[in-house]
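Comments concern the structure below.
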Amino acid sequence: MKQPKAKKIPTELTIHGDTRIDPYYWLNQREDPSVIAYLEAENAYREAKMAHTKPFQEQLYKEIVARFAQTDMSVPYRYHGYWYIARYEEGQEYPIYSRKKETLEADEEIMLDVNDMAKGHEYYSIGGRSISPDNKWLAFGVDTVSRRIYTLYFKNLETGEILSESITGTTGSAAWGADNKTIFYTLKDAETLRSYKIMRHQLGTDPSVDTVIFEETDDTFRSTIYKTKSEKYLVIGSFSTVSNEFWVLEADNPMGAFRLFEPRQRHHEYSIDHAGDSFYIITNWEAQNFRLMCCTEGVTSRTNWVEVIPHRPDVLLEGLDIFKNHLILSERKDGLTQLRVFGSDGNDHYLDFKEEVYMAYTGVNPDYDTDIVRVGFMSMTTPSSVLDYDVNKHEFTLLKREAVLDDSFDPKNYVSKRIYATATDGVKVPISIVYRKDTFRKRRQPLLLYAYGSYGHSMDPYFSSPRLSLLDRGFVYAIAHIRGGQELGRNWYEDGKLLKKKNTFTDFIACAETLITEGYCAKSKLTAMGGSAGGLLMGAVMNMRPDLWRGVVAAVPFVDVVTTMLDESIPLTTGEFDEWGNPKDKTYYNYIKSYSPYDQVEAKAYPPTLITTGLHDSQVQYWEPAKWIARLRELRTNKRTPLYMFCNMTTGHGGASGRFERYKETAMEYAFLMDLVGITN
C-alpha cells in the first residue's frame, strides 16, 4: 500500500519580516471532507503496514487486560455520614458510583451507573461529582465528545430524578452553598475552552437566568471555584502560569459578595486552605521553592501573613492537607516526594516508605477531625497501594494493593534503581530504571526511555502493570527526570522553559547516551516515548539526534509550536505565553522556531516513528501531528522506514474513555516498538 501523500497548498505566514511557507496549513479545517479523508488514509496505511503485528497486538491487549481484576472496588471513604465507593463489574468498561449510609454493611445506593449512561456513545466521561451538604443532591458533569466541555446535571439521590435544568459549556465540577440549593460552577469559552466565568445557580430555576459572579477578563488566566476542606468558605481561584489570585465567601452566605484574599501580582504564586479561624497559604513570595504561612480570617492581605515553615533551597513545598490537629505536607527533595506530619503538639516527622525510588501522595481525606491519614504509595516494582497512616503511632495499615492477576508476577523478580546522567552544562539529571532480573543482559537489552519535561510537572517513578508486557520480554524501562519538570525544585522547572527550553531536549539526549554507556541497553535497541509536551520532546530529539533512536512513539505531540502559539483562538495558547514565550516578541519567535519540531524537519534519515492523535483533542489539535507526519514524509531521506499515524476519530487528548478500551492503543504502541527490536510474541 502506498504511503498517504497530503496535497500541498502553500500558505504564507509572515511575522517579524520572516515568511514561512506552510504547505499543510489547510489541515486545520476539521470539517473539510478532504481533511477527514487524509486522516482516514493515514489510518488505513498504518493498519496495512502493521497488519503483521495484529495477532501480537491482540495478544498484548489480552494479557494487559487479564492482569486487572474485572470486578474491582475502590477503598471506601467516609463523608458526611456516608461511605463512598467506585466499583467495576466484570465485562463493563465504566465505573458504578455508589454509597452506603453509616456502615459498610448498609444497603448500597447507586448514584451513577456509568455503563448504562454511556450506552449509545462512543465516548463518555463523568466530570466532577459534588454532593450537597444535606446529602440529597448530586451535581455531576458529562462529556460525550472528548473536548473536555461538560454538561452539568443535578440528581435527587432520594428519588433518583435527574432535573431537566442541565447547564452546557462547563468544566464539569460545581461547589455547593451551605443552603443546599445554591450551586456555583465555571463556564468555558466555546472557542478557546478557557474557563473564565463563575456562575451562581439556584436549584430548580432556569439556568438562563443564572448570575455571573466573577469574570476573568485577562485571557492568560483561567478560573475555578471550590470549597475549603473546613467547608466554611467558597473560594474563587484565578490562575496563570506565573501568578494566582483568590476570592473568598462564607458558604452559609451564598448570595453574598466574594472578598479579595490577596491581589494578583506577576510572579507571585500562592494557594490557600482554611482550618479553625485561620487560612494557610503556600506561597513563593520571597521563596522560590515556596514556604508555608498563615493568617487569621479577617486580615488576609500579605502584610498579615505569618511564617509557619520557612523556605528551604533544597526542598520544594508542593502541597498541604489540613486536619484538626496536624498538617500533612507534600515536600519534594532529591527528586522524591516526602510526606511530612507537622503537628500542633510538636509531632513533626516524615513517613518512611522504605524504598529507594517511589511515588507517594495524600489520598482522599475529607474527614477534618481525625489522626488517620489516607495515603497512596507505589514504586516501579510495587503496585499502587492505599494505606491509612496513624500519625500518633507512626503505623501504616495497608487497605488495598492493586491486584496483578499474573502468576508470574513477583516484585522480587524486578530491579528498580536511580542513576544520573551528566547534561551538557554539567548538571546531574536523575534517571529512574526498572527491569526484570532474569532477562537482563548488559549492553544487549532493548530499552524504552520516557519523559515529559514541561509545565513543572514531575514524572514520578510509578508502577504500571501494562508495562510488565515490556519488562517480561526483556525491555528495560527508564524515566528521564529532565529539566522542565520540577523533580529537583523550582529551579529545575525554570531551567527548562522559555529561553532555556532546549535544556529539556539536551538532558534527554544525555540520559539516552548514559544508558548506553552504562550498559543498560544495546545501542541499536534504544527506543523513546513521550506524549503531549513530551511529544514535542520526541520531535525535538528526533531532529537533533535522529541516529540515537531505534524507534519513537510520539503521543498527541505538540510539534507545531510557532503556529500554535501565534493563534490565540486555539485552546491553551494565551495561558501558555509564560511557559513557551509569546512569538509576537521576536526574541521568543526566533528561539521557538529554532526547536519547533515541525519547523525543523530536514532532509535526513529519521527513525521509525508511530504518531498518535485524536480528532477531538482539546489540548493538542489533531492537525499538529497530521501536518508533522506529512512534512516528515516529504523531506526524510529514508522513505521505507516505518512512519505511521493513528488518529482516533472519536476521542481527544486522553484517548478512549472506557476502562480497558484505552489499552488497545497501548498494545499497538508496544507491538510497534517490540517489532522493531525483533520481539514478535
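The values are calculated or read from the model by the stated rules, or taken from the named source; none is laboratory data. Only a predicted model underlies this, so the values are computations on that prediction, with no experimental measurement involved. With ideal geometry, Cβ positions are generated from the backbone for all residues, glycine too; neighbour counts draw on all protein chains shown.
Condition check: surrounded by fewer than 24 Cβ atoms within 10 Å (Cβ to Cβ) and within 19 Å of Ile433 (Cβ to Cβ). Does Arg550 satisfy that? In short, yes.
The residue list Tyr520, Tyr598 contains one member that is over 26 Å from Lys188 (Cα atoms), assigned by TED's automatic domain parsing to the domain that holds Thr424, in contact with a strand residue (DSSP E or B) (Cβ under 7 Å, 6 or more places away or on another chain) and of a type in the set (Ser, Thr, Tyr), which is Tyr520. When residues in the stretch 418-443 are screened for being closer than 26 Å to Ser469 by Cβ, surrounded by 13 or more Cβ atoms within 10 Å (Cβ to Cβ) and at pLDDT 95 or above, 9 of them pass.
Among the residues that make up the stretch 36-55, is at least one of them in a helix (DSSP H, G or I), farther than 30 Å from Tyr670 by Cβ and either in contact (Cβ under 8 Å) with a residue 60 or more places away in the chain or among the small types (Gly, Ala, Ser) (or both)? No, the stretch 36-55 contains no residue that is in a helix (DSSP H, G or I), farther than 30 Å from Tyr670 by Cβ and either in contact (Cβ under 8 Å) with a residue 60 or more places away in the chain or among the small types (Gly, Ala, Ser) (or both). Of all residues in the stretch 466-488, which are surrounded by 21 or more Cβ atoms within 10 Å (Cβ to Cβ), among the small types (Gly, Ala, Ser) and not in a helix (DSSP H, G or I)? Residues satisfying the conditions are Ala478, Ala480, Gly484, Gly485.
For the stretch 332-348, filtered to residues that are in contact with a Leu (Cβ under 7 Å, 6 or more places away or on another chain) and surrounded by 20 or more Cβ atoms within 10 Å (Cβ to Cβ), the residue that is nearest to Asp388 (Cα to Cα) is Leu339. Taking the criterion of being surrounded by 17 or more Cβ atoms within 10 Å (Cβ to Cβ) and among the charged types (D, E, K, R), would at least one residue in the stretch 292-310 satisfy it? No, every residue in the stretch 292-310 fails to be surrounded by 17 or more Cβ atoms within 10 Å (Cβ to Cβ) and among the charged types (D, E, K, R). Within the set Val373, Val357, the sole residue that is closer than 19 Å to His274 by Cα and either of a type in the set (Val, Ile, Thr) or in a loop (DSSP other than H, G, I, E, B) (or both) turns out to be Val373. Summed over the stretch 21-35, residues that are under 33 Å from the mean Cα position of the chain (by Cα) and not in a helix (DSSP H, G or I) total 7. If only residues of the stretch 349-402 that are at pLDDT 95 or above and of a type in the set (Lys, Arg) are counted, the one that is surrounded by the most Cβ atoms within 10 Å (Cβ to Cβ) is Arg374. Restricting attention to the stretch 484-543, the residues that are over 27 Å from Tyr589 (Cβ atoms) and more than 21 Å from the chain's Cα centre (by Cα) add up to 18. Among the residues making up the stretch 197-235, a single one is on the phi > 0 side of the Ramachandran plot and not small (Gly, Ala, Ser): Glu231.
Residue pairs whose Cβ atoms lie under 7 Å apart, separated by 6 or more positions or on different chains, with the first residue in the stretch 236-257 and at positive phi and the second surrounded by fewer than 20 Cβ atoms within 10 Å (Cβ to Cβ) and not in a loop (DSSP other than H, G, I, E, B), do not occur.
Only one of (1) in a loop (DSSP other than H, G, I, E, B); (2) in contact with a strand residue (DSSP E or B) (Cβ under 7 Å, 6 or more places away or on another chain) fails for Glu93. Which number is that? The single condition Glu93 does not satisfy is (2). Please tell me if Ile309 is among the hydrophobic types (A, V, I, L, M, F, W, C), touching a residue at least 24 places away in the same chain (Cβ under 8 Å) and out of contact with any His (no Cβ under 8 Å at 6 or more places or on another chain). So Ile309 fits the description; yes. Does the stretch 336-353 include one or more residues that are farther than 30 Å from Arg418 by Cβ and touching a residue at least 60 places away in the same chain (Cβ under 8 Å)? No: zero hits.
Scan the stretch 32-51 and give yes if some residue there is among the small types (Gly, Ala, Ser), within 30 Å of Met117 (Cα to Cα) and at pLDDT 95 or above, otherwise no. No, the stretch 32-51 contains no residue that is among the small types (Gly, Ala, Ser), within 30 Å of Met117 (Cα to Cα) and at pLDDT 95 or above. Scanning the stretch 600-633 for residues that are aliphatic (A, V, I, L, M), touching a Phe, Trp or Tyr at 6+ places or on another chain (Cβ under 9 Å) and modelled with pLDDT of 95 or more yields Val601, Leu610, Ile611, Ala626, Ile629, Ala630, Leu632. Within the stretch 150-164, the set of residues being farther than 13 Å from Lys136 by Cβ and either surrounded by fewer than 18 Cβ atoms within 10 Å (Cβ to Cβ) or aromatic (Phe, Trp, Tyr) (or both) comprises Tyr150, Thr151, Tyr153, Ile162, Ser164. Looking only at the stretch 165-180, residues that are outside any strand (DSSP E or B) and surrounded by fewer than 17 Cβ atoms within 10 Å (Cβ to Cβ) come to 3 in all.
Contact map, the stretch 367-389: first residue farther than 28 Å from Ile479 by Cβ, second residue assigned to a strand (DSSP E or B) and small (Gly, Ala, Ser), Cβ cut-off under 6 Å, separation 6 or more or different chains; the map is empty. Within the option set Ala630, Ala671, Ala626, being in contact with a Ser or Thr (Cβ under 6 Å, 6 or more places away or on another chain), crowded, with 17+ Cβ neighbours inside 10 Å and in a helix (DSSP H, G or I) holds for one residue only, Ala671.
Quick grid of which residues meet (1) farther than 19 Å from Met378 by Cα; (2) in contact (Cβ under 8 Å) with a residue 40 or more places away in the chain:
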{"residue": "Ser408", "(1), (2)": "yes, yes"}
{"residue": "Gly426", "(1), (2)": "yes, no"}
{"residue": "Val429", "(1), (2)": "yes, yes"}
{"residue": "Tyr477", "(1), (2)": "no, yes"}
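Listed by position, the helices (runs of 4 or more DSSP H) inside the stretch 557-614 whose residues that are under 27 Å from Glu634 (Cβ atoms) and within 23 Å of the chain's Cα centre (by Cα) number at least 3 are 561-566.
Can you tell me how many residues in the stretch 183-212 are assigned to a strand (DSSP E or B) and over 16 Å from Ser173 (Cβ atoms)? Going through the stretch 183-212 one residue at a time, the tally reaches 3. Of all residues in the stretch 213-232, those satisfying the criterion of being in contact (Cβ under 8 Å) with a residue 40 or more places away in the chain, surrounded by fewer than 22 Cβ atoms within 10 Å (Cβ to Cβ) and in a strand (DSSP E or B) are Ile213, Phe214, Thr224, Tyr226, Lys227.
Screening the candidates Ile167, Ile213 for the property of being within 26 Å of Asn244 (Cα to Cα), modelled with pLDDT of 95 or more and either of a type in the set (Phe, Trp, Tyr) or in the same structural domain as Thr241 (by TED's automatic domain parsing) (or both) yields one hit, Ile213. Would you be able to say whether some residue in the stretch 149-158 is hydrophobic (A, V, I, L, M, F, W, C), at pLDDT below 95 and farther than 28 Å from Pro254 by Cα? No: zero hits. The single condition among (1) of a type outside the set (Asp, Glu); (2) modelled with pLDDT under 95; (3) over 30 Å from the mean Cα position of the chain (by Cα) that Ala275 does not satisfy is (3).
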